[in-house]
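Chemist: Okay, handing you the structure first.
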There are 2 protein chains.
Amino acid sequence: MGIQDFIESKNIRLDQQLRFTAEIDKMTSVYRRTMLIDGSRRENDAEHSWHIAVMTLLFKEYTVEPVNIERAVKMCIVHDLIEIYAGDTFAYDTTANKDKAEREAAAADKLFSHLPPEQGSEIRLLWEEFDEMKTPDSKYAACMDRLQPFLHNTLTEGHTWKEGNTNRAAVEKRMAIIKDFMPEVYKWIDQNLDLAIERGWLNP
Amino acid sequence: MGIQDFIESKNIRLDQQLRFTAEIDKMTSVYRRTMLIDGSRRENDAEHSWHIAVMTLLFKEYTVEPVNIERAVKMCIVHDLIEIYAGDTFAYDTTANKDKAEREAAAADKLFSHLPPEQGSEIRLLWEEFDEMKTPDSKYAACMDRLQPFLHNTLTEGHTWKEGNTNRAAVEKRMAIIKDFMPEVYKWIDQNLDLAIERGWLNP
């Protein structure tokens, strides 16, 4: 059972595209630190990527600069693909974040080589743009990538914060892009940070 | 733990959008008949929606009419949202498919009422367009929605076909949109159908 059962067509490009499609199903077994809102288990990268993609349809009215939703959606669905080979790096793990860029670039080389070159490049560029957070579209996608686990944390008694023995400054740093790019949304975050500390979910 | 922990902001629209975001996390517990390619468990609607959204970035060269990828991606990420309330209807279950439209319309009424009206309408229109399969973009999205579980089936020893005691005609009917809209891809499907029958995964 698995990719060894793949039947080749007479079209090499199509085979590359179908094999890549099969390969990325592995996103369903890359687990993140964040819990699902029902608290039943951790979420995986496929679920998270889908969730933030839908969110991009909802929150653009709060950005300080205009954004292209369609480009942000595409970034959201591909932004974690390289974790198939690089693994998920916990946002609040300072050691693991040191060699993150290097590990992820190597993973991208491997992953995108499965595709016809111009398609691999197109997706890689979207991922790199997301990662650099310089353009309005990538800033917006990055805000969704931060807002979603924040929402999950507030609804699961600060699960990830408690697990990481996290303090307010670390979360504020992670949420800085929202403070800059979506200040109205940040007000809600700030309010929740106060409460999370009050409830003992987060260190002051 | 859960939505009862939601802290309201001073912005009613933002609260609606955040609550909707939390509500749709339930897509992670709507399980489909299709197995993950590693055979470990069934896939859920969040994973499936993400997977076909990425696929739309890859296969547009095979369509018989030009398509707008960005619109197709958006349809893919929202096309199963109503299953949060309507449940997943197995494609090869003829009884359950009889009242599917009615159940899904009621589910849509409930789901989209959580959102500010114009946002609810926008997503509902995308879902309806997908469901009707009349425009090129929706035909393309529908092809991805059929191709993905087909690929999974070929890589999991025909899991869903065997479970449903399915025959070739039923799968051909389900794949008809691919035959019409993406004939080059259908050749690969046809070839796999021959093999699936030969291997006893599918009834002739």
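The values are calculated or read from the model by the stated rules, or taken from the named source; none is laboratory data. Just so you know, these numbers come straight off a predicted model, no measurement behind them. Cβ: placed from backbone, ideal geometry, glycine included. Neighbour counts: every protein chain shown. Calculation scope for accessible area: heavy atoms of the full protein, side chains included, ligands and nucleic acids excluded. Shrake-Rupley method; radii C 1.70, N 1.55, O 1.52, S 1.80 Å.
Chemist: Using r as the Cβ-Cβ distance of residue A:98 and residue B:10, and R0 as 51 Å, what FRET efficiency do you calculate, to the nearest 0.05?
Modeler: Using R0 = 51 Å, I get an efficiency of 0.80.
Chemist: From zero outward in steps of 10 Å, how is the percent of C-alpha pairs of the stretch A:1-110 spread across the bins?
Modeler: Bin by bin from 0 Å, the calculated values are 12, 32, 36, 17, 3.
Chemist: Using the heavy atoms of the protein chains and a 1.4 angstrom probe, tell me the accessible area per residue for chain B in square angstrom.
Modeler: 40 Å²
Chemist: Take residue A:118, project a point 7 Å from its Cα along the Cβ direction, then tell me which residues of the stretch B:69-109 have their backbone nitrogen under 19 Å from it.
Modeler: Within reach of a label on residue A:118, which here means backbone N under 19 Å from a point 7 Å along Cα→Cβ, the stretch B:69-109 contributes B:69-70.
Chemist: So, one more: Residues of the stretch A:66-102 losing 50 Å² or more of accessible area relative to the isolated chain, 1.4 Å probe, heavy atoms only?
Modeler: A:70, A:74, A:77
Chemist: Give me Rg over Rh for the protein assembly as shown, both radii from the alpha carbons and Rh done the Kirkwood way, two decimal places.
Modeler: 0.96
Chemist: In straight Cα distance, which aspartates and glutamates are under 17 Å from residue B:60, not counting same-chain residues fewer than 8 positions off?
Modeler: Partners found: A:15, A:70, A:118, A:122, B:70, B:137, B:145, B:180, B:184.
Chemist: Which semi-axis lengths, in whole Å and largest first, follow from the square roots of five times the eigenvalues of the Cα gyration tensor of the stretch B:147-187?
Modeler: For the stretch B:147-187, the ellipsoid semi-axes come out as 19, 12, 6 Å.
Chemist: So what's the projected area for the stretch A:5-69, the Cα convex hull averaged over all directions, in nm²?
Modeler: 7.4 nm²
Chemist: Then there's this: Give me the percent of accessible area attributable to carbon and sulfur for chain B, probe 1.4 angstrom.
Modeler: Solvent-exposed carbon and sulfur of chain B make up 49 percent of the total.
Chemist: Treat each spin label as a single point 7 Å out from the Cα along the C-beta direction, and report the residue B:105 to residue A:68 distance in nm.
Modeler: For the pair residue B:105/residue A:68, the computed spacing is 3.8 nm.
Chemist: Can you give the accessible area buried between chains A and B, summed over both chains, with a 1.4 Å probe, in Å² to the nearest 100?
Modeler: The buried area between A and B, both sides summed, comes to about 5900 Å².
Chemist: Of B:3, B:35, B:138, which is farthest along the charge dipole of chain B in the positive direction, counting Lys and Arg as +1 and Asp and Glu as -1 at C-beta?
Modeler: Farthest towards the positive pole: B:35.
Chemist: Using helices alone, I'd like the mean residue ellipticity at 222 nm for chain A: each DSSP H run of four-plus residues gives -39500 (n - 2.57), total over residue count, nearest 500.
Modeler: Taking each H run of at least 4 residues, the total per residue is -18000 deg cm²/dmol.
Chemist: Note the distances from residue B:99 to each other copy's matching label point, with points 7 Å along the Cα-to-beta-carbon direction, in nm, sorted shortest first.
Modeler: Distances to the matching label points in the other copies: 5.9 nm.
Chemist: What figure in square angstrom, to the nearest 10, would you give for the accessible area of residue B:133 with a 1.4 Å probe?
Modeler: The value for residue B:133 is about 60 Å².
Chemist: Something else: Calculate the radius of gyration of the Cα atoms of chain A to one decimal place, then report Dmax, the largest Cα-Cα distance, as a whole number, both in Å.
Modeler: Radius of gyration, then largest Cα-Cα span, for chain A: 18.1, 63 Å.
Chemist: How high is the FRET efficiency between residue A:191 and residue A:128 when r is their beta carbon distance and R₀ equals 56 Å, given to the nearest 0.05?
Modeler: With R0 = 56 Å, the Cβ-Cβ based efficiency is 0.95.
Chemist: Just checking the output field for B:52-63: average partner chain Cβ neighbours within 10 Å of each residue's Cβ?
Modeler: Other-chain Cβ atoms within 10 Å of each residue's Cβ, averaged: 6.
Chemist: Okay, moving on. How high is the relative contact order of the stretch A:68-204? Use alpha-carbon pairs under 8 Å, at least six apart in sequence, and give a whole percent.
Modeler: Over the stretch A:68-204, the number comes to 24 percent.
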